[in-house]
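J.: Have a look at the structure that comes next, please.
Nothing in this text is a laboratory measurement; each read-out follows from the coordinates by a stated rule. This structure is a prediction, so every number in the text was calculated from the model and none was measured. Cβ coordinates were reconstructed from backbone atoms using ideal geometry, including for glycine residues, and neighbour counts include every protein chain displayed.
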Amino acid sequence: DAGVIQSPRHEVTEMGQEVTLRCKPISGHNSLFWYRQTMMRGLELLIYFNNNVPIDDSGMPEDRFSAKMPNASFSTLKIQPSEPRDSAVYFCASSKGAGGLYGYTFGSGTRLTVV
Amino acid sequence: ELKVEQNPLFLSMQEGKNYTIYCNYSTTSDRLYWYRQDPGKSLESLFVLLSNGAVKQEGRLMASLDTKARLSTLHITAAVHDLSATYFCAVLLQGSQGNLIFGKGTKLSVKP
């Protein structure tokens, strides 16, 4: 089991550019979560999917952020246009079933720096 | 609104000593998770606590859950340097299908 795979590991971009973060959940996990971690705000849930369907996107900070899950093995988080305050580590996590009965597995994260 | 509070936020302890990290949460939930994060790394799952009275142990770490008191503890026995990391508790928002609310984390430093 390769775990939750995120790419890229590091991204440096200029303000105003589009950024796309990618996530491959563990095979057989049907829930996927995007989190953001900053020193100021800690770990925040941005959006989560069950069976590829977005369930709660209330954590998405603004319209510049969007997420998709076109199939069970792939999700993207897009920021367009990016701003310096978007600089953070973005984690993807997956779990088997809904409700957290089996826990959550986190990917290695993408460290995003917007200059 | 579910709030999760950990204390202490910083903990410096000597090897061989015992200590407890506390995690309080503000609304009803019966699912609580403990994670470890090393600097620059991902979150590693330590314990999944699914019911009142649940107790789990792994090595020098033991976690418990009291849903009536809305309290979980992470007890460290005879600390060693390798336990130095940041420890997070996370609580499942009741009625959600997976919204985890995290505490701010406890940064543990174990000194020889």
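J.: Can you tell me, using C-alpha contacts under 8 Å and at least 6 residues apart, the relative contact order of chain A as a whole percent?
T.: Working: 290 pairs, mean separation 42.2, N = 115.
Relative contact order, chain A: 37 percent.
J.: So, one more: At most 12 other Cβ atoms within 10 Å and a DSSP loop assignment: could you name the trypsin sites (Lys or Arg not before Pro) in the stretch B:39-76 that fit? Don't skip to the end; give the middle numbers.
T.: Numbers: sites: B:K41, B:K56, B:R60, B:K68, B:R70; in loops: B:K41, B:R60, B:K68, B:R70.
Passing sites in the stretch B:39-76 are B:K68.
J.: Assign unit charges at the C-beta atoms only (+1 for Lys and Arg, -1 for Asp and Glu), then state the dipole size of the protein assembly as shown relative to its Cα centre in Debye, rounded to the nearest 20. Write down the numbers at each step before the final one.
T.: On the way: 23 positive and 20 negative charges, 82 e Å.
Rounded to the nearest 20 debye, it is 400 debye.
J.: For the stretch A:1-32 and the stretch A:57-91, what is the centre-to-centre distance using only Cα atoms, to the nearest Å?
T.: Between the Cα centre of the stretch A:1-32 and that of the stretch A:57-91, the gap is 10 Å.
J.: Note down the magnitude of the dipole of the stretch B:1-62 about its Cα centre, charges +1 on Lys and Arg C-beta and -1 on Asp and Glu C-beta and zero elsewhere, to the nearest 20 debye. Could the numbers behind the result be given before it?
T.: Details: 7 positive and 7 negative charges, 20 e Å.
The dipole magnitude comes to about 100 debye.
J.: Further question: What per residue convex hull volume, in Å³, comes out for the protein assembly as shown when only alpha-carbon positions are used?
T.: Details: hull volume 27.1 nm³, N = 227.
Normalising the Cα hull of the protein assembly as shown by residue number yields 119 Å³.
J.: A follow-up question, please. Over chain B, calculate the relative contact order: mean separation of alpha carbon pairs under 8 Å at least 6 apart, over the residue count, as a percent. All intermediate terms of the calculation are to be shown ahead of the outcome.
T.: Working: 289 pairs, mean separation 40.5, N = 112.
With pairs under 8 Å counted, the relative contact order is 36 percent.
J.: Given the stretch A:8-115, report the % of alpha carbon pairs whose separation exceeds 19 Å. Can you show the working numbers first?
T.: Values: 2247 of 5778 pairs.
Value for the stretch A:8-115: 39 percent of Cα pairs lie more than 19 Å apart.
J.: Please compute the alpha carbon radius of gyration of chain B, then divide it by the globular-protein estimate 2.2 N^0.38 Å. Two decimals is fine.
T.: Working: Rg = 13.4 Å, N = 112, 2.2 N^0.38 = 13.2 Å.
Relative to the rule-of-thumb radius for its length, chain B sits at 1.02.
J.: What size of dipole, in debye to the nearest 20, comes out for chain A about its Cα centre when the only charges are +1 on Lys and Arg C-beta atoms and -1 on Asp and Glu C-beta atoms?
T.: Details: 11 positive and 11 negative charges, 62 e Å.
Dipole of chain A, to the nearest 20 debye: 300 debye.
J.: Follow-up. Among A:Y90, B:L71, B:Q94, whose Cα lies farthest out toward the positive end of the dipole of the protein assembly as shown, if unit charges sit on the beta carbon of Lys, Arg (+1) and Asp, Glu (-1)?
T.: Going by the charge dipole, the pick is B:L71.
J.: Another question, then. Nearest 5 percent is fine: what portion of the DSSP beta bridges confined to chain B is antiparallel? Numbers along the way, then the final one.
T.: Values: 38 of 43 bridges.
Bridges in chain B that DSSP calls antiparallel: roughly 90 percent.
J.: Sort out the exposed loop GluC sites (Glu not before Pro) in chain B (DSSP loop, at most 15 other Cβ within 10 Å) and tell me the longest stretch that has none. Walk me through the numbers on the way to the answer.
T.: On the way: sites that count: B:E1, B:E15.
Here the longest segment lacking exposed loop sites spans B:16-112.
J.: What trypsin sites (Lys or Arg not before Pro) in the stretch A:30-115 are in a loop by DSSP, with at most 16 other Cβ atoms within 10 Å of the Cβ? Can you show the working numbers first?
T.: On the way: sites: A:R36, A:R41, A:R64, A:K68, A:K78, A:R85, A:K96, A:R111; in loops: A:R41, A:R64, A:K96.
The qualifying sites are A:R41, A:R64, A:K96.
J.: Pull up the cross-link candidates among the lysines for B:K41, meaning alpha carbon to alpha carbon under 27 Å and not fewer than 8 places away within one chain.
T.: A:K24, A:K68, A:K78, A:K96, B:K3, B:K17, B:K56, B:K104, B:K107, B:K111
J.: Take A:K68 and A:R22, extend 7 Å from each Cα along the Cα→Cβ direction, and tell me the distance between the two endpoints in nm.
T.: Here the modelled spin labels are 1.4 nm apart.
J.: If you don't mind, there's one more thing I want to ask. Would you pull out the residues with amide H under 5 Å of B:E15's amide H, same chain only if 5 or more places away, H placed 1.01 Å from N?
T.: Those lying under 5 Å, H to H, from B:E15 are B:K111.
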